[in-house]
1. Filter the stretch C:182-204 down to the residues that are assigned to a helix (DSSP H, G or I) and at the interface with another protein chain (Cβ under 8 Å from one of its Cβ atoms) and list them by number.
2. Quick one: which of B:Thr274, B:Thr177, B:Thr287 is at pLDDT 95 or above and polar (S, T, N, Q)?
3. Which numbered condition trips up C:Val91, out of (1) crowded, with 24+ Cβ neighbours inside 10 Å; (2) at the interface with chain D (Cβ under 7 Å from one of its Cβ atoms); (3) modelled with pLDDT under 95?
4. If C:Gly166 satisfies all but one of (1) assigned to a helix (DSSP H, G or I); (2) more than 9 Å from chain D (Cβ to nearest Cβ); (3) within 13 Å of the chain's Cα centre (by Cα), what's the number of the condition it fails?
5. Can we say D:Leu213 is assigned by TED's automatic domain parsing to the domain that holds D:Val268 and more than 25 Å from D:Ile292 (Cα to Cα)?
6. Right, B:Gly223: modelled with pLDDT of 95 or more and crowded, with 24+ Cβ neighbours inside 10 Å or not?
7. Taking the options B:Ala207, B:Ala134, B:Ala160, name whichever one is more than 9 Å from chain A (Cβ to nearest Cβ) and either buried (at least 24 other Cβ atoms within 10 Å of the Cβ) or touching an Asp or Glu at 6+ places or on another chain (Cβ under 7 Å) (or both).
There are 4 protein chains.
Amino acid sequence: MPTLQTRATLAEHGVTIDHEGPQEEEKDSNPHLLWSRIRYQCQDAFSEFFGVFIMILFGDGVVAQVVLSNGEKGDYQSISWGWGLGVMIGVYVAGKSGGHLNPAVTLSNCVYRGFPWRKFPVYIVAQTMGAFCASLVVYYNYYSAIDTFEGGRMRTVPPATNATAGIFCTYPAAFLTRTGMFFSEFVASTILMFCIYAFADNKNVGANNLTPLCLFFLIFGIGACFGWETGYAINLARDFGPRLASYAVGYGSEVWSAGNYYFWIPMVAPFFGTLFGGFLYDTFIFTGKSPINTPFMGLKRLVVLQGRGSASLSRSGAV
Amino acid sequence: MPTLQTRATLAEHGVTIDHEGPQEEEKDSNPHLLWSRIRYQCQDAFSEFFGVFIMILFGDGVVAQVVLSNGEKGDYQSISWGWGLGVMIGVYVAGKSGGHLNPAVTLSNCVYRGFPWRKFPVYIVAQTMGAFCASLVVYYNYYSAIDTFEGGRMRTVPPATNATAGIFCTYPAAFLTRTGMFFSEFVASTILMFCIYAFADNKNVGANNLTPLCLFFLIFGIGACFGWETGYAINLARDFGPRLASYAVGYGSEVWSAGNYYFWIPMVAPFFGTLFGGFLYDTFIFTGKSPINTPFMGLKRLVVLQGRGSASLSRSGAV
Amino acid sequence: MPTLQTRATLAEHGVTIDHEGPQEEEKDSNPHLLWSRIRYQCQDAFSEFFGVFIMILFGDGVVAQVVLSNGEKGDYQSISWGWGLGVMIGVYVAGKSGGHLNPAVTLSNCVYRGFPWRKFPVYIVAQTMGAFCASLVVYYNYYSAIDTFEGGRMRTVPPATNATAGIFCTYPAAFLTRTGMFFSEFVASTILMFCIYAFADNKNVGANNLTPLCLFFLIFGIGACFGWETGYAINLARDFGPRLASYAVGYGSEVWSAGNYYFWIPMVAPFFGTLFGGFLYDTFIFTGKSPINTPFMGLKRLVVLQGRGSASLSRSGAV
Amino acid sequence: MPTLQTRATLAEHGVTIDHEGPQEEEKDSNPHLLWSRIRYQCQDAFSEFFGVFIMILFGDGVVAQVVLSNGEKGDYQSISWGWGLGVMIGVYVAGKSGGHLNPAVTLSNCVYRGFPWRKFPVYIVAQTMGAFCASLVVYYNYYSAIDTFEGGRMRTVPPATNATAGIFCTYPAAFLTRTGMFFSEFVASTILMFCIYAFADNKNVGANNLTPLCLFFLIFGIGACFGWETGYAINLARDFGPRLASYAVGYGSEVWSAGNYYFWIPMVAPFFGTLFGGFLYDTFIFTGKSPINTPFMGLKRLVVLQGRGSASLSRSGAV
């Protein structure tokens, strides 16, 4: 168990480079079965899919319950709870793929923790599809309640009265400037990545088996402290997947145009935020393997990569 | 301690097949005493009875306090807390029987984790009796308060004004269609089982000794995110036991007829939900022993069972 | 560390019988110092004193803040938080004496877990004094706020308008009968003891190092689910100590006469409740050393005790 | 991992005296890199800076969100959450320097736990700068929202209507006397230090890897129980840093003069409080190395220090 535990914790943050090696026979108890072989090949995709699926079920579910019941069955704090525990339980579900649940976290792991770049597209697709599907489940679960709330079959987007599109994806507060929107998402994503790396750093205190619980507190905190202005998407998959779903079920093109085409900000800002958060942590605290801890702070690495390709990175050890 | 801990965690999810073997002498320190022998024979029943008893004391207790004090001594979030911690503490109490606390979880463990089928009826009866008795304790504890709230000795069922029957069992929201009711209970039960199996899966992250705490978050989340429409019974024992009790103390036949005879949905839907949740987890994530990880996804097993009986399943190892 | 941890956990529930043996030299690093010798002699008293002190600081403190700020700086749920974490942190403080914090828990440990009877009076006095002193600190900390709330230097007791005596000790809800009061305190105390023994039982799941956290949830739950009617004193020290303090600072004799001389119920009922809770747990779940697990369910022990005295109980091993 | 864990926990409370010894090569994986050498030299400063930075981001952030949204996106309990989890996550971030996050805690560690005095100025500067910078991030993140709330570009200090200076640092309640203010901060700081020493004391129960979680509950509790009157600064860095920042961005000299020049109380009282809290714990509970556990309760030590200098303290072993 300790071995497994440690490996899972490492995997969670993308530092298990030879992912395929010793885990192989354990991962698949019946290699002679077709489905077991398929599952083994698709383990990362399934794992991220269901991790995000669970996260969005709880996250969009709690917003739906609070909004549609007019705050009778929950308040803003319930929303912090829902997203916090959604991420926590999602990480328990998605442990086999490292529990990223967020393309921006995956990117940061690729850059700072030697996570294989070739997995990046798989992760981003699986995460987005998980969010897409989960928001459909939430939609159909609350179908009658949405009808009742909207006052009929129409589906509207904020700032319309009785708008319910905010259940699925985020829309910014009215007073924000464009810079303010970007800055808010950027700050929240920076905090997210900085703290995740702190939890995972065993040369620091290290959260170890409490990591999922710490993520609950982290997400709760981001929601309670930086969640008002833009709704703290801080995650392409979490925002784009459900936005697409809400478009698909008939919320209209306002899901894209609302907030002066706000939709691209939660798709882009988190990547910059997590990269900056990882940069800060590795520069000022982290002493393990990281491009920051190489000559010229990893810029040399960029040159190396051009010559050798990213896959060889993992084999080269200390880079 | 680690040995005990591990065994308890395993037992919790029905995978300890030779339950009677090495535990025997530990379980009963004084085998020459009559009562110790009785307790040993009835350990599963006592354990599930008191686990559900504690769960319902907290769960029905918190609803009573919130409803009867008109929200002065708690709000919807208190209810999420009460049910969440009720399940958490119930699992600590009922560890010796695996802490199922829910017939649908027991069924799923029988199907997917080789839990002995012969124990199923024992568990379901003990669980339902625990819920029945606990709701009576809640009823008599809040007897004067119910009198004050109802305005006399009458006892009424929602949607009556000042109805108090909702303290004991669940009644659906008015806007729901019959399909919506079933779907809501089904979805919540699916999430329940899927996440429990994730917590218990040591090839995944694995919650280990944090499992009861994780269950707190899981139940809290189901309450906060999917609890409004039907009251998230997701448990035959939790709903039927207290419903029977409320009928017994004089709430009248409306406890059965309310919501167009809603009462059977929380009795039936959870079984389908947990079976589907277990199916999803075992199909896409789980690599341990499960009928899904056998030829023809366990359908072959159904044939085998007819020939050999279910008890032999555990002896055959990999099935 | 594991050794210490285990010992602390055991001590917490009064099962360390030869308490004085191997701990001696560790407990006191400088035996040649006068104060170290005194502290060693009084360790139990100091430990329980400060454990209850911290518990009441948080518990009475949160009620003061919620009441005196008219609910602006907290609500009923804050009160559940305050008492829950007060007990949790109190147990961390009072680990050296077992963290009973409650005379009724100490009594139950004497009866069911072989805790030395000679310590009982020491514990009850230390606990009550801790509560008395802590409530004075709360009183003087909120002195100006109480003046502002009461509208002058007077001090009043519920049901007076603007009464503040409820900050310190409990007063029952108006609608309760005398039987209802006793029953409510009895039920809450039974739950308390039953669950504590479940957390401490390593043949069950066992909370181990999570025990203080579990106590947080337990006390939170009792407050949220059974806290309205009588204010869940469930503890002689917690109620009598602060009641005496409020009498001393001038709340008048109504602190005793209010609720038809309610004050004796939280002094008496918890003892019956914890004894019953311990009886239930030991009868139906516990298989370790307990008088219940002896011939004639411990009744024989009563006879033995008359002959040998309680202190010898611990030496006799299996009883 | 256990070794690391233990060391981190010890460091957290300033008891690792030969901090520089065995950790050296681990701390810096690439000693031939310039930046790694700089980071190694400044590790304590960076660590405390970012620990406080994260703490203030969450702490000031949650106050900003609650105040500026007029309580729509959070209430007083959210504030307790925000500060509690801010401290918790801050400790995970600042583990390498012991996670003091508070000059008063550092002082107390110097006095009672042999933490090197020469580090005291480094810590206090790093902590205050961390708080200063973080409050600027909060300020610019909520810039538009503050404009909207204040109704323009002006910035006002309580008790002005729509004042927003309370987001950054604390202002006392109107009814408090000067003594009351000092007493309130003193009591809260005493509790803080007393409980931290309890969590860190492995001869007591000991929180071990749950320490950050326990700090969450502790800070939550101080906020819920003693947070109303003065806003529980209990920390020079937390209050003075953001106060300076709010002065810098244009809140005017009222940030200093408000509450009859209250600003110096949260700078001074916490030092007295933590010293008293440490004194209480070491006198009545602690049996490890502490000046209290030396002849004449450490007063002799004061004489010794004059002759030998504080650094030699650590080498002298039992003092």
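1. Initial filter on the stretch C:182-204 (assigned to a helix (DSSP H, G or I)): C:182-200.
Passing the criteria: C:Phe183, C:Ser184, C:Val187, C:Ile191, C:Phe194, C:Cys195, C:Ala198, C:Phe199.
2. On the way: B:Thr177 fails: at pLDDT 95 or above; B:Thr287 fails: at pLDDT 95 or above.
Result: B:Thr274 is the single residue among B:Thr274, B:Thr177, B:Thr287 that is at pLDDT 95 or above and polar (S, T, N, Q).
3. Result: C:Val91 fails condition (3) only.
4. Against the list (1) assigned to a helix (DSSP H, G or I); (2) more than 9 Å from chain D (Cβ to nearest Cβ); (3) within 13 Å of the chain's Cα centre (by Cα), C:Gly166 comes up short only on (3).
5. Numbers: assigned by TED's automatic domain parsing to the domain that holds D:Val268: yes; more than 25 Å from D:Ile292 (Cα to Cα): yes.
Spelling it out, D:Leu213 is indeed assigned by TED's automatic domain parsing to the domain that holds D:Val268 and more than 25 Å from D:Ile292 (Cα to Cα).
6. On the way: modelled with pLDDT of 95 or more: yes; crowded, with 24+ Cβ neighbours inside 10 Å: yes.
The answer is yes for B:Gly223.
7. Numbers: B:Ala207 fails: more than 9 Å from chain A (Cβ to nearest Cβ); B:Ala160 fails: either buried (at least 24 other Cβ atoms within 10 Å of the Cβ) or touching an Asp or Glu at 6+ places or on another chain (Cβ under 7 Å) (or both).
Within the list B:Ala207, B:Ala134, B:Ala160, the selection yields B:Ala134.
Per-residue answers, yes or no, for (1) over 21 Å from the mean Cα position of the chain (by Cα); (2) at pLDDT 75 or above; (3) at the interface with chain A (Cβ under 7 Å from one of its Cβ atoms):
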| residue | (1), (2), (3) |
| --- | --- |
| D:Leu10 | no, no, no |
| D:Val15 | no, no, no |
| D:Asn30 | yes, no, yes |
| D:Cys42 | no, yes, no |
| D:Ala45 | no, yes, no |
| D:Val63 | no, yes, no |
| D:Gly71 | yes, yes, no |
| D:Gly74 | yes, yes, yes |
| D:Ser80 | no, yes, no |
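The values are calculated or read from the model by the stated rules, or taken from the named source; none is laboratory data. Because the structure is a prediction, the values reported are computed rather than measured. Here Cβ is always computed from backbone atoms with ideal geometry, including for glycine, and neighbour counts include all displayed protein chains.
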